[in-house]
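J.: There's a structure below that I have some questions on.
The values are calculated or read from the model by the stated rules, or taken from the named source; none is laboratory data. Note that this is a predicted model, so its numbers are computed, not measured. Cβ placement follows ideal geometry from the backbone for every residue including glycine, while neighbour counts extend to all protein chains displayed.
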Amino acid sequence: SKSSEEILIVFASNKGLCGSYNGNVYKKTKKYLEENSNIKKAIAIGKFGERIAKRLGLEIVESYIEIDKMGSIDFTRMEKSLRESFLNNNYKKVHVTYTNFIKNGVYEATANCVYPVSRSLEKLHSKDISDRENSLYVYEPSVNSVLENLIPKLISTILYSYHLESR
């Protein structure tokens, strides 16, 4: 049976001296939850990620407090576990809220969905790209297997980059 449950990864800092930083993540997350009422669970990254998730009444499935020790391998693991949950219909969607670095001293709280993968990537599945007659490229072994290997790497890299920006 297809679950309607959705999960949110909240990236925030460990330090309270970030002024409006964590406050902006909180506001963005609160607004995002109002728009996406199926989100009931959270993965918290950072002490304030945990605080935000608790305050907004989400069930915390995993919490990473020692964010300074987290590396890309942790996000590769996290992505694999989330992808498997998504493919097994445990979660209908996987979302993230994080802080996007714009320029020095300017950060913007941002929210988006990582699974299902956005339409722009799915377009690569469409017939015309694998139609060898019209294609500039020949995909070996196939578009699907390239995507199956590429998408998980891409998503875990994206998650890791959100983490680095939040740190």
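J.: Just checking, how many residues over segment 83-99 are in contact with a strand residue (DSSP E or B) (Cβ under 6 Å, 6 or more places away or on another chain), more than 17 Å from Asn149 (Cβ to Cβ) and not in a strand (DSSP E or B)?
T.: Summing the residues that are in contact with a strand residue (DSSP E or B) (Cβ under 6 Å, 6 or more places away or on another chain), more than 17 Å from Asn149 (Cβ to Cβ) and not in a strand (DSSP E or B) in segment 83-99 gives 2.
J.: Still on this structure: Can you spot a residue in segment 8-20 that is under 14 Å from the mean Cα position of the chain (by Cα), modelled with pLDDT of 95 or more, over 19 Å from Tyr64 (Cβ atoms) and part of a strand (DSSP E or B)?
T.: Checking segment 8-20: not a single residue is under 14 Å from the mean Cα position of the chain (by Cα), modelled with pLDDT of 95 or more, over 19 Å from Tyr64 (Cβ atoms) and part of a strand (DSSP E or B).
J.: Could you list, in sequence order, all residues of segment 59-73 that are within 20 Å of Leu150 (Cβ to Cβ) and of a type in the set (D, E, K, R)?
T.: none
J.: In segment 39-70, what count of residues is obtained for those that are touching a residue at least 60 places away in the same chain (Cβ under 8 Å) and not in a helix (DSSP H, G or I)?
T.: Summing the residues that are touching a residue at least 60 places away in the same chain (Cβ under 8 Å) and not in a helix (DSSP H, G or I) in segment 39-70 gives 3.
J.: Here's another thing I want to ask about it. Of all residues being over 12 Å from Ile9 (Cα atoms) and hydrophobic (A, V, I, L, M, F, W, C) in segment 49-76, which is modelled with the highest pLDDT? Just the residue, please.
T.: Leu56
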